[in-house]
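Note sheet for the following structure.
Quick note: the coordinates plus some simple rules give every number you see, no bench work behind them. Note that this is a predicted model, so its numbers are computed, not measured. Here the Cβ positions follow ideal geometry from the backbone for every residue, glycine too, while neighbour counts run over all protein chains shown.
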Ligand SMILES: [Zn+2]
């Protein structure tokens, strides 16, 4: 018994299963073309989601950074520390998303 990715929800299922145990997608009734299309769509949606998150992360980073420099606050202010935290989170999140995109491209 081998495990394959469900074309509908992407979870691991048995290749012998007629329907996905997670989302009830009828695998037996789908032809290879449908499966390929569905896979491509899933990949596209996943990529879109990660790219959206990258954008948001970038905004956090730039926003936090900008506030630190042009917000009229000193490094003693809680706002400064908050902005610093936000930009660090944004930066790390951005890197994580870039790595996820690379892995997504590798796996496809
Ligand atoms: Zn499924």
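General observations
- Here the sum of -39500 (n - 2.57) over DSSP H runs of 4 or more residues, divided by the residues of the chain, equals -23500 deg cm²/dmol at 222 nm, to the nearest 500.
- Taking one quarter of the surface of the convex hull spanned by the alpha-carbon atoms of the chain gives a direction-averaged projected area of 8.8 nm².
- Residue of 24, 39, 97 that the Gaussian network model of the chain assigns the largest fluctuation, springs spanning Cα pairs under 10 Å: 24
- Rounded tilt (10° steps) of 32-70 against the dominant C-alpha axis of the chain: 10 degrees
- Take every Cα pair under 8 Å whose residues are at least 6 apart in sequence, average their separation, divide by the length of the chain, and the relative contact order is 21 percent.
- Hull-based mean projected area of segment 47-95, where the convex hull spans the alpha carbons, in square nanometres: 3.0 nm²
- Here r is the Cβ-Cβ distance between residue 56 and residue 18 and R0 is 41 Å; the resulting FRET efficiency, rounded to 0.05, is 0.55.
- Between helix 78-107 and the chain there is an angle of about 30 degrees, using the helix long axis and the longest principal axis of the Cα atoms.
- Label-to-label distance, residue 92 versus residue 78, with points set 7 angstrom from Cα along the beta-carbon direction: 2.2 nm.
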